[in-house]
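Each remark here refers to the structure printed beneath this line.
Coordinate-derived values only; no laboratory data. Computed from a predicted model, the values in this text were never measured in an experiment. Here the Cβ positions follow ideal geometry from the backbone for every residue, glycine too, while neighbour counts run over all protein chains shown.
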Amino acid sequence: MNARKSLLPPRSGRPTLELATLVVRYPAARGRVFLRGGTAPFDWETNAAPVTVDGDVSVFRVPVSSGTVEVKPIREDGRWAFGRNLVLAARDKVELTPAFEHETGRLHGWRDVDAGLGAPIRMRYFLPPGYEEHDGARYPTLYCLDGQALFSDGSDPYGIWNLDHVLDDLWALGVVDELVVVALDTSHDRLGRLGPSPDAHYGGGGGERFLAALADTVVPLVDRELRTRDAAVERAILGASMGGLFSLFAAWRRADRFGAAIGLSSSFWWADRWMVREVSTTPCPSPRPTIYLDSGATASTLSEDANLRDGQHHTRAMLRALVDHGYLPGEDLHVLAFPGQPHAAGAWSARVAVPLQLLFPTVG
């Protein structure tokens, strides 16, 4: 009879000492970075120096005898890095770009941009916490439609997303890359600008002109003014409802500008499913943009409230059209449903963290 092997670790009088590696990237000109922690040889009162320093890169080796240890960077002037303590286990390798001067992102004021549409495009920036400190860094960009409803200082009658709070929480957790948000106010002539084709009942159809204004005037302006990464793959566009419809339209038609599209509760019903037919009958962009789509879905199959159905069946039709082009769900295409969530700003605020983590993940 074979002996049954024990699932318990072997006993030892002395725990095995292993190392975790922490790589901290911080401008040397702003001050040296040290480490404090809760397990010897670190403590919360004494600065521990890195084992190597190469320009702006400091490398720390953290002994871990068992379980996990908590550590946190501190600058030589006594300022702690913002965000949660780092929890490290043996053989972890974590890269960190800390911020010591701003805990949260910063909102800039509204401004008008003349892009040849008759009425200006109103926009504002939301910059990540480390933007000013890491003055040599460049950032991906997220263009957001319905900017008048995005941030906690908004007053849109249809509700607000609190996107600034969502991003601040994700950055504090270290699960999303720092990025620049360009918020676009689309309250003026919303259906006209966001509708890619006229709808028999609602009109609209100025999406082509609005897209050209964004791609050829706004994007170059942003790239001149801010330290952005100017490749299309580093630029995404996000919207909900009509904004979700336009986001996919923008990435499909101008993949040279927008390498990813995020559409929450997208209005794919518009103009008798015009966008579904557009995707089905036109060549796929090359390289093809990464796409995230979602919808709410009524909890009851008997519900006739379109607000609760949230166009889930139209989103599924778009899924099929994209798969026919070779899109791979789970890789360059993500299509999700959220039962019980209605077509409303509160629902979008509750789940926008999902596409942000899928498209802008922090690996370190």
>> Explain nothing, just compute: Karplus ³J(HN,Hα) = 6.51 cos²θ - 1.76 cosθ + 1.60, θ = phi - 60°, for every residue of the range 353-359 in order, whole Hz, x for Gly and Pro.
In response: 4, 5, x, 4, 6, 6, 9
> Based on the alpha-carbon gyration tensor of the range 57-162 and its eigenvalue square roots a ≥ b ≥ c, which shape applies: rounded if a/c is under 1.5, prolate if not and a/b is larger than b/c, or oblate?
Replying inline: prolate
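Is the C-alpha gyration tensor of the range 18-96 telling us rounded, prolate or oblate? Criteria: a/c under 1.5 is rounded; beyond that, a/b larger than b/c is prolate, otherwise oblate. Before the final figure, lay out each step's value.
Details: a/c = 1.86, a/b = 1.43, b/c = 1.30.
Because a/c hits 1.5 or more and a/b exceeds b/c, the range 18-96 counts as prolate.
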>> If I build a Gaussian network model for the chain, linking alpha-carbon pairs within less than 10 angstrom, which residue out of Asp216, Asp168, Asp77 has the largest mean-square fluctuation?
In response: Asp77
> Mind listing the phi-derived Karplus ³J(HN,Hα) values for the range 87-104, rounded to whole Hz, using 6.51, -1.76 and 1.60 with θ = phi - 60°, and x for any glycine or proline?
Replying inline: 10, 10, 10, 4, 6, 5, 10, 10, 10, 9, 10, x, 10, 10, 10, 9, 7, 10
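Would you mind counting up the charge near Gly244? Only other residues with Cβ under 12 Å from its Cβ, with Lys and Arg at +1 and Asp and Glu at -1.
Numbers: positive: none; negative: Asp146, Asp294, Asp310.
Once positives and negatives cancel, what remains is -3.
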> What does the convex hull of the alpha-carbon atoms of the range 113-164 project to on average, in nm²?
Replying inline: 5.1 nm²
> On a 0 to 90 degree scale, rounded to 10, what angle separates helix 163-173 from the longest Cα axis of the chain?
Replying inline: 20 degrees
>> Mean-square fluctuation check for the chain, GNM, Cα pairs under 10 Å: which of Ser241, Ser267, Ser155 is largest?
In response: Ser155
>> Under 10 Å, Cα contacts only: if you run a Gaussian network model on the chain, which one of Leu322, Leu238, Leu127 comes out with the highest mean-square fluctuation?
In response: Leu322
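So how do Met123, Met318 line up by other beta-carbon neighbours within 10 Å, fewest first?
Details: Met123 22, Met318 25.
Ranked by crowding around the Cβ, least crowded first: Met123, Met318.
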>> Distance between the C-alpha centers of the range 222-252 and the range 133-209? Whole Å please.
In response: 9 Å
> In degrees between 0 and 90, to the nearest 10, how far off the longest principal axis of the chain does helix 270-281 point, with axes built from Cα atoms?
Replying inline: 70 degrees
> Taking a quarter of the surface of the Cα convex hull of the chain, what do you get in nm²?
Replying inline: 25.5 nm²
> Mind listing the Cα extents of the range 136-211 along all three principal axes, in Å, largest one first?
Replying inline: 46, 29, 18
> Quick one: Tyr143, Tyr125, fewest Cβ neighbours within 10 Å first, how do they rank?
Replying inline: Tyr125, Tyr143
>> Spelling out what I want: for every residue of the range 189-199, take phi, set θ = phi - 60°, compute 6.51 cos²θ - 1.76 cosθ + 1.60 (Karplus), and round to whole Hz; glycine and proline get x.
In response: 6, 4, 5, x, 7, 9, x, x, 9, x, 9
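Out of all DSSP beta bridges in the range 106-359, what portion is antiparallel? Express it as a percent rounded to 5.
Working: 11 of 38 bridges.
Within the range 106-359, antiparallel bridges account for around 30 percent of the total.
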> Which order do Lys72, Lys93 fall in if you start with the one that has the fewest other Cβ atoms within 10 Å?
Replying inline: Lys93, Lys72
